[in-house]
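Okay, structure first, notes after.
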Amino acid sequence: QVQLVESGGGLVQAGESLRLSCAASGSPFRMNVMGWYRQAPGKQRELVATMTKGGSTNYADSVKGRFTISRDSAKNTVYLQMNSLKPEDTAVYYCYALRNAAYWGQGTQVTVSS
């Protein structure tokens, strides 16, 4: 059973940075895709950034130039470096992984105050 464990959320002021981490356990195989989604109160879950095991990335337009995704495929770990945070980045951030099925973490809260 694959489990995703996130860490790194918290409360910061606008303009500051945070780094999220997510480790996948329970699988000896590399995940084909790992990444991050987020869900703000009253809104649908949306893609933030993903990365394939080959290194291809996909970012939401709203975070391009501010967020950077990286991963250690050998360790099935993915990171999200978030710079220049804005109040509208406030959300629960969910780790995502895909191999034969889609897996989700429990979510970590990111709150950006103005």
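The values are calculated or read from the model by the stated rules, or taken from the named source; none is laboratory data. Note that the coordinates shown come from a computational prediction; the quantities given were computed from them, not determined experimentally. So basically every Cβ, Gly included, is an ideal-geometry build from the backbone, and we count neighbours across all protein chains shown. Areas reflect the complete protein model, heavy atoms only, side chains present, ligands, DNA and RNA absent. Shrake-Rupley method; radii C 1.70, N 1.55, O 1.52, S 1.80 Å.
Against the criterion of being over 15 Å from the mean Cα position of the chain (by Cα), open to solvent by less than 30 Å² (accessible area, probe 1.4 Å) and in contact (Cβ under 8 Å) with a residue 24 or more places away in the chain, residue 12 qualifies.
Within the stretch 70-88, the residues that satisfy the criterion of being more than 17 Å from residue 4 (Cβ to Cβ), in contact with a Ser or Thr (Cβ under 8 Å, 6 or more places away or on another chain) and either open to solvent by less than 50 Å² (accessible area, probe 1.4 Å) or in contact (Cβ under 8 Å) with a residue 60 or more places away in the chain (or both) are 81, 82, 83, 84, 85, 87.
Could you list, in sequence order, all residues of the stretch 15-26 that are at negative phi, open to solvent by less than 70 Å² (accessible area, probe 1.4 Å) and either hydroxyl-bearing (Ser, Thr, Tyr) or assigned to a loop (DSSP other than H, G, I, E, B) (or both)? Across the stretch 15-26, the qualifying residues are 17, 21, 25. Take the conditions (1) in contact (Cβ under 8 Å) with a residue 60 or more places away in the chain; (2) open to solvent by 50 Å² or more (accessible area, probe 1.4 Å); (3) out of contact with any Lys or Arg (no Cβ under 6 Å at 6 or more places or on another chain); (4) assigned to a strand (DSSP E or B); residue 58 misses just one of them, which is (1).
Is it the case, given these coordinates, that residue 81 is in a loop (DSSP other than H, G, I, E, B) and under 13 Å from the mean Cα position of the chain (by Cα)? When the stated conditions are applied, residue 81 does not pass them.
Scanning the stretch 40-55 for residues that are of a type outside the set (A, V, I, L, M), closer than 26 Å to residue 87 by Cβ and open to solvent by less than 70 Å² (accessible area, probe 1.4 Å) yields one hit, 50. For the stretch 97-109, the condition holds for at least one residue, the condition being that it is open to solvent by 70 Å² or more (accessible area, probe 1.4 Å), in a strand (DSSP E or B) and hydrophobic (A, V, I, L, M, F, W, C).
Restricting attention to the stretch 9-56, the residues being out of contact with any Phe, Trp or Tyr (no Cβ under 8 Å at 6 or more places or on another chain) and either among the charged types (D, E, K, R) or closer than 13 Å to residue 94 by Cβ (or both) number 6. Residues in the stretch 27-39 include at least one that is in a strand (DSSP E or B), surrounded by 13 or more Cβ atoms within 10 Å (Cβ to Cβ), aliphatic (A, V, I, L, M) and over 10 Å from the mean Cα position of the chain (by Cα).
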